[in-house]
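Asker: Would you mind keeping the following structure in view while I ask a few things?
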Amino acid sequence: MSGFIEPIVGRYLHVEIEGEINRIYFEENGSGIPLVCLHTAGSDARQWRHLLVDDEFTRDFRVIAFDMPWHGKSNPPDSQYGSEYRLTTASYTATIRAFCNALGLDRPVVMGCSIGGRIVLNLAIEHAREFRALVGLEAADFQQPWYDTAWLNRPDVHGGEVCAALVSGLIAPNGPEVARHETLWGYKQGGPGIFKGDLYFYRVDGDLRGRTGNIDVNACPLYLLTGEYDFSCTPEDTLRTAAGIPGAKATVMERLGHFPMSENPEQFRRYIAPVLQDILDKQRL
Amino acid sequence: MESERIRQDHGSPVPFKPETVTAAFKTIPDLLARDEALIARGRSLDVDCQLGPSTQPFHLAIRAGRIVDMIPAPVLMRSWRFSYRATPAAFAAHWQKMPPAGWHDLLALTKRGQATLEGDLHPFMTHLQYFKDLLALPRRNGFGGLS
């Protein structure tokens, strides 16, 4: 309908991260338990736009999605222009905690996808008591590489085209065509070297094998959900990770791939609704 | 150069006949000729490459996104810049209307050892979505109904 205005509100938050003020763009809608959503590597928070306007979820949750520094409408920190971007476990963890603290969120739920799913595991390992629940989509302690990330940032290859073409196979076949295009559009718009820099965390710095066994789900419930068509973080990767964490809940999502919230929002809703309800039920006990 | 050994010992996720896979592959030039949008995306692509089932690959000459020649390998002393070959089982699964998980993408097939990618990968990577869509064309033609 022409003239319809969505209820999402977007604002900029000044956040000190590792000693420097960052101007972070975030969008939000709803009220209740804060639910902070983390986008995938090389993309931005637009991936969460369907969850952000879900009438049922936003009745009980203040859904918040922010663009990581260097992504979307969050520019690089002033001092970092011209330097090579590399996300690390430490910098990613610091960014999430600083964002939540700057907004004054009281024990938020954090839900992340892909690299966001991996860092959720690190939050569970190191900072579980700061969070009400943690949800990892396409999350595992480690997964086998399937291409050389050097292709993502070189002057003789179009970065947007190659990033989108690489991840296109991670979307489940026969989902909504527009949602597929929109998911890939995010990859076509990333800054040069940003997807590659995110994957430094994913491939090199963020190997959590041998550490996830320390996660205490009594301190903070942990939910892991992975699409059956994700051949990057496979269902087997997630189930293996969950098997090493007593009490973790793992679900394999049918007809979904690596970008469940954006590639097929309706199908994703079927799986995330019971998780959010479970989190709500635990608050009411 | 990137190379992965093809494993022939995997079971096929779908029933198929090897000759139907080769026959379906031979339809790709005609299917491409009818897809102006895909040709347009390859408009700056000129490459000689080797593609197809590992049991019967083909030499392709692509000019401005169009296949101008496709001939079964081997051809004496014919050069190619890159090669993508997959097991017949992999193509049969890949061309299903709803391909099984892990068989639905060219690089999913290399990851699971059902395809091999060799040579100078630059033309492949600069036109990655073109080649993904090109090698998926038999799916559109109803191959999945054969199994």
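Here, each number is a calculation from the coordinates, and none is a lab measurement. Note that this is a predicted model, so its numbers are computed, not measured. Methodologically, a virtual Cβ is constructed for each residue, glycine included, from the backbone with ideal geometry; neighbour enumeration extends over all protein chains shown.
Asker: Within 10 Å of each Cβ in A:154-165, how many Cβ atoms from other chains are there, averaged over the peptide?
Answerer: Shielding by partners across A:154-165 averages 3.
Asker: Quick check for me: using +1 on Lys/Arg Cβ and -1 on Asp/Glu Cβ, what's the dipole size of region A:1-95 about its Cα centre, in debye to the nearest 20?
Answerer: 100 debye
Asker: Taking the Cα centroid of region A:207-241 and of region A:247-275, what is the distance between the two, rounded to the nearest whole Å?
Answerer: Answer, in whole Å: 14.
Asker: Only counting other Cβ atoms within 10 Å, I'd like B:Arg85, B:Arg41, B:Arg140 sorted with the fewest neighbours first.
Answerer: Sorted ascending by nearby Cβ count, the order is B:Arg140, B:Arg41, B:Arg85.
Asker: Nearest 5 is fine: what % of DSSP beta bridges in the protein assembly as shown come out antiparallel, could you say?
Answerer: Around 50 percent of the beta bridges assigned by DSSP in the protein assembly as shown are antiparallel ones.
Asker: If you don't mind, another one. What size of dipole, in debye to the nearest 20, comes out for region B:18-138 about its Cα centre when the only charges are +1 on Lys and Arg C-beta atoms and -1 on Asp and Glu C-beta atoms? Let's see the in-between values first.
Answerer: Details: 13 positive and 11 negative charges, 28 e Å.
It works out to roughly 140 debye.
Asker: Among A:Pro7, A:Gln47, A:Gly32, which residue has its Cα positioned farthest towards the positive end of the charge dipole of region A:1-54, with +1 placed on the Cβ of Lys and Arg, -1 on the Cβ of Asp and Glu, and the dipole taken about the Cα centre?
Answerer: A:Pro7
Asker: Where does the charge balance sit around A:Pro221 when Lys and Arg score +1, Asp and Glu -1, over other residues with C-beta under 15 Å from its C-beta? Please list the in-between numbers first.
Answerer: Values: positive: A:Arg107, A:Arg129, A:Arg132, A:Lys249, A:Lys282, A:Arg284; negative: A:Glu130, A:Asp216, A:Asp278, A:Asp281.
Overall, the nearby charge balance is +2.
Asker: Also, I was wondering about something else. Just tell me how shielded B:127-136 is by partners: mean number of partner chain Cβ atoms within 10 Å of each residue's Cβ, no decimals.
Answerer: Average neighbour count from other chains, rounded to a whole number: 3.
Asker: Over chain A, what is the mean sequence separation of C-alpha contacts under 8 Å (at least six apart), divided by residue count, expressed as relative contact order in percent?
Answerer: This gives 20 percent for chain A.
Asker: Which of these, A:Ile115, A:Ile21, A:Ile64, has the largest mean-square fluctuation under a Gaussian network model of chain A (Cα springs below 10 Å)?
Answerer: A:Ile21
Asker: Same structure again: Only four residue types carry charge here, +1 at the Cβ of Lys and Arg and -1 at the Cβ of Asp and Glu. Report the dipole size of the protein assembly as shown about the Cα centre in Debye, rounded to the nearest 20.
Answerer: Computed charge dipole of the protein assembly as shown: roughly 700 debye.
Asker: Per-residue Cβ counts within 10 Å, from other chains only, averaged over B:99-109: what number is that?
Answerer: Rounded to a whole number, the mean comes out at 6.
Asker: Decide, for region A:153-265, between rounded, prolate and oblate: order the square roots of the alpha carbon gyration tensor eigenvalues as a ≥ b ≥ c, take rounded if a/c falls under 1.5, and otherwise choose prolate if a/b is larger than b/c, else oblate.
Answerer: oblate
Asker: Can you list the lysines whose alpha carbon sits under 20 Å from that of A:Lys188, skipping same-chain ones fewer than 8 residues off?
Answerer: Cα-Cα hits under 20 Å: A:Lys73, A:Lys196, B:Lys132.
Asker: Around A:Glu130, what is the net charge, scoring Lys/Arg as +1 and Asp/Glu as -1 over all other residues with Cβ under 14 Å from its Cβ?
Answerer: Net charge around A:Glu130: +1.
Asker: Find which of A:Gly190, A:Phe99, A:Gln80 sits farthest along the positive direction of the dipole of chain A, computed with +1 on the beta-carbon of Lys and Arg, -1 on that of Asp and Glu, about the Cα centre.
Answerer: Toward the positive end, the furthest listed residue is A:Phe99.
Asker: Go through A:Asn153, A:Ser168, A:Leu123 and say which Cα lies farthest out towards the positive end of the charge dipole of chain A; charges sit on Cβ, +1 for Lys and Arg, -1 for Asp and Glu.
Answerer: The listed residue farthest towards the positive side: A:Leu123.
Asker: Can you tell me the order of B:117-126, A:275-284, A:250-259, A:151-160 when each peptide is scored by its average per-residue count of other Cβ atoms within 10 angstrom, highest first?
Answerer: On the way: B:117-126: 18.6, A:275-284: 14.3, A:250-259: 22.3, A:151-160: 16.2.
Highest mean packing first, the order is A:250-259, B:117-126, A:151-160, A:275-284.
Asker: When only DSSP loop residues count, what chymotrypsin sites (Phe, Trp or Tyr not before Pro) in region A:21-86 have their Cβ near at most 10 other Cβ atoms within 10 Å?
Answerer: Taking region A:21-86 and a limit of 10 other Cβ atoms within 10 Å, the loop chymotrypsin sites (Phe, Trp or Tyr not before Pro) found are A:Tyr81.
Asker: Right, here's the next one. When DSSP assigns beta bridges and you keep just the ones with both residues in chain B, what percent turn out antiparallel, to the nearest 5?
Answerer: Here the share of antiparallel DSSP bridges comes out near 75 percent.
Asker: How high is the relative contact order of region A:1-157? Use alpha-carbon pairs under 8 Å, at least six apart in sequence, and give a whole percent.
Answerer: Contact order relative to length: 22 percent.
Asker: Further question on the same structure: Please report how far the C-alpha centroid of region B:42-96 lies from that of region A:113-187, rounded to the nearest whole angstrom.
Answerer: After rounding, the separation between the Cα centres reads 30 Å.
Asker: Taking square-rooted eigenvalues a ≥ b ≥ c of the alpha carbon gyration tensor, is chain A rounded, prolate or oblate, where a/c under 1.5 means rounded and, failing that, a/b exceeding b/c means prolate? Mind dumping the intermediate values first?
Answerer: On the way: a/c = 1.18, a/b = 1.14, b/c = 1.03.
Here chain A falls in the rounded category.
Asker: Each residue of region A:131-141 in order: what ³J(HN,Hα) in whole Hz does its phi give by Karplus 6.51 cos²θ - 1.76 cosθ + 1.60, θ = phi - 60°, with x for Gly and Pro?
Answerer: Listing the rounded values in order: 10, 7, 6, 10, 10, x, 9, 6, 10, 7, 6 Hz.
Asker: Using the number of other C-beta atoms within 10 angstrom as an exposure proxy, rank A:Asp198, A:Asp148 with the fewest first.
Answerer: A:Asp148, A:Asp198
Asker: Is the shape of region B:18-138 rounded, prolate or oblate, going by the alpha carbon gyration tensor and its root eigenvalues a ≥ b ≥ c, with a/c under 1.5 for rounded and a/b larger than b/c for prolate?
Answerer: Values: a/c = 1.35, a/b = 1.20, b/c = 1.12.
Note, shape of region B:18-138 comes out rounded.
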